[in-house]
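Colleague: Here it is: the structure, laid out below.
The values are calculated or read from the model by the stated rules, or taken from the named source; none is laboratory data. In this text the structure is predicted, and so the values were computed from the model without any measurement. Here the Cβ is made from the backbone with ideal geometry for all residues, glycine too, and neighbour counts use every protein chain on show. Just so you know, the surface numbers come from the protein's heavy atoms only, side chains and all, with ligands and any DNA or RNA stripped out. Shrake-Rupley method; radii C 1.70, N 1.55, O 1.52, S 1.80 Å.
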Amino acid sequence: MIYGLLTYVENKKNFNVGDNVQSLAAKQYLPQVNQYLNRETLADYKGEKLKLIMNGWFTHNIHNWVPSEDIIPLFVSFHINNTAAPHMLSEKGIAYLKKHEPIGCRDQFSVDTLKAKGIDAYFTGCLTLTLDNYKVDDAERNDEIYIVDPLYSYPTFDKVTYDYKRFLRSIQNGNLFKIGKKKQHIKNFIDSDLLKKAIYINQEPPANTYTDAQKFEMAEAILQKYAKAKLVITSRIHCALPCLAMGTPVIFVNGFDSFVDSCRFDGILDLFNRIDVNTKTGEYTSNFSLEGKITSSTIVKNLEKHHVLAEPLKEKCKAFIAS
C-alpha cells in the first residue's frame, strides 16, 4: 500500500499556510508519503491504489469532483462549503460520498448538509486538534505573544484591489470605504502597548515564491513557534486549533459576518476563549473573564474541550492506516 498527502493550489497573490498545517496533521499518521496529490485534481490520479486522509476544505475545482477510484479515502474533518455544495452534491457526488460513508465532518454545517442528501455523516472537529506531537515541556515556553491575522476577513487595500472585478464590487458594496476599520476595531480590545510589542505572523504569504517542500517547512516552523508561545491571538482556525492541541493559551477573534465564513465554524467556536466583534460598530464581547483590553499580562486558560474530539480522531486515523 502507498500513501498520499494533500497539497494545494495558490491564488493569484498568496497561499494559506493553514492548508499545509492541515496536511501535517494527516502526515503524522502515515508510514511514509509516496505521493503528493493536489486537492483540486484528485479526479486525475491514476496509479497504484493509494490511501489518502481527506481532511479540510473542499473544493475550489468543483468541476473535477469526484476523486479517482484509485484513491482509498478516509473522510474525517471534511468541510463542504456552502458555495461548493450545490455542485459537489450532484447525483454522482452523492453516490461517491455514500460509497465512503460515514463521512466525518469538521463542522456541524457540513454534517447537516450531507445528511440532508441522505449521506451518513457525523461531527469530528478538525484533525489539527491532534497536533499535540508538537507540544513542548512548559520549561521551554517563552514570553512571546503572537498576533496572527486578526480580523483578516475585513476589507484591506490588497483585497479590494485584488483584481478589477473585485475593485468594482468593493465600490458597489462599500468595502472600499471600510479600509482602516480593522486597525480601529483591533485597538478596541488589544492594548496599545501589546500591539507594539507583539510578534505578528501572516499565514498568507505571497504566491509563486515557495515550493511545496518550503511550504511544509514554513508550517512546521510556525507550529514550533506557537508551541512555545506565552499567548496567541488570532482569527485563523488553523492557528487556534493547533494551539489547543499544543497547550498554548489562545484567544480566537471572531469577526466574521459572512455565511461563507461562519458555516466553517459551526461546532468549533465553542472550543475557544473568544472575542466576538461587531463588524459594524467595533463593539466586542468575550466569553472569558477579561478586564478591559488584552495586555501582556492577560492570562487565559484553554477550555480543554477539544480532547473529546481529538482522541477519537487519532484512533480513526490509526485504524485506517492499519487496516
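Colleague: For a Förster distance of 41 Å, can you work out the FRET efficiency between the beta-carbons of L303 and I2, rounded to the nearest 0.05?
Modeller: Step by step, r from the Cβ atoms, then E = 0.55.
Colleague: What share of Cα pairs, in percent, lie more than 30 angstrom apart in the chain?
Modeller: Cα-Cα pairs in the chain separated by more than 30 Å: 35 percent.
Colleague: With only alpha-carbon atoms in the gyration tensor, what are the semi-axes of the equivalent ellipsoid for the range 176-321, in Å, largest first?
Modeller: Output for the range 176-321: semi-axes of 26, 20, 17 Å.
Colleague: Still on this model: Across the range 1-142, how many lysine pairs separated by 8 or more positions, or lying on different chains, have Cα atoms within less than 19 Å?
Modeller: 12
Colleague: Could you pull out which residues in the range 7-28 have an amide N less than 17 Å from a spot 7 Å beyond the Cα of A43, following the Cα-Cβ vector?
Modeller: Those under the cut-off are 9.
Colleague: Taking the Cα-to-Cβ direction at S296 and at K27 and moving 7 Å from each Cα, how far apart do the two end points lie in nm?
Modeller: Rounded to a tenth, the inter-label distance reads 3.5 nm.
Colleague: Among P312, S323, G292, which residue has its Cα positioned farthest towards the positive end of the charge dipole of the chain, with +1 placed on the Cβ of Lys and Arg, -1 on the Cβ of Asp and Glu, and the dipole taken about the Cα centre?
Modeller: Projecting each Cα onto the dipole axis, the largest value belongs to G292.
Colleague: Over the range 234-323, what percent of the accessible surface lies on carbon and sulfur atoms, probe 1.4 Å? Provide the component values of the computation, followed by the final result.
Modeller: On the way: 2120 of 3970 Å².
For the range 234-323, the apolar C and S fraction of the accessible surface comes to 53 percent.
Colleague: Counting heavy atoms of the protein chains only and a 1.4 Å probe, report the per residue accessible area for the range 196-235 as a whole number of Å².
Modeller: 50
Colleague: Per residue of the range 109-120, what does 6.51 cos²θ - 1.76 cosθ + 1.60 with θ = phi - 60° give for ³J(HN,Hα)? Whole Hz please, x for Gly and Pro, Karplus curve as stated.
Modeller: 4, 5, 4, 5, 5, 6, 4, 5, 9, x, 9, 5
Colleague: Cα atoms only: what Rg and Dmax, in Å, come out for the range 63-124?
Modeller: 10.6, 29
Colleague: Okay, next question. At a 1.4 Å probe radius, carbon and sulfur cover how many percent of the accessible area of the range 57-123?
Modeller: Working: 1450 of 2740 Å².
For the range 57-123, the apolar C and S fraction of the accessible surface comes to 53 percent.
Colleague: Could you list the chymotrypsin sites (Phe, Trp or Tyr not before Pro) in the range 247-323 that lie in coil according to DSSP, counting only those with at most 14 other Cβ atoms within 10 Å of their Cβ? Walk me through the numbers on the way to the answer.
Modeller: Values: sites: F252, F256, F259, F265, F272, Y284, F288, F320; in loops: F256, F272, F288.
For chymotrypsin sites (Phe, Trp or Tyr not before Pro) across the range 247-323 that sit outside H, G, I, E and B with at most 14 neighbouring Cβ atoms in 10 Å, the list reads F288.
Colleague: If the convex hull of the alpha-carbon atoms of the range 117-156 is projected onto planes in all directions, what is the mean projected area in square nanometres?
Modeller: Across all orientations, the range 117-156 yields a mean hull projection of 6.4 nm².
Colleague: Let me ask something else. Order K182, K51, K117 by their accessible area, 1.4 angstrom probe, all chains in place, largest first.
Modeller: Accessible-area ranking of K182, K51, K117, largest first: K117, K182, K51.
Colleague: Determine, from the Cβ-Cβ distance of K12 and D257 and an R0 of 25 Å, the FRET efficiency 1/(1 + (r/R0)^6), rounded to the nearest 0.05. Provide the component values of the computation, followed by the final result.
Modeller: Working: r = 25 Å, r/R0 = 0.98.
Between K12 and D257 the formula returns 0.55.
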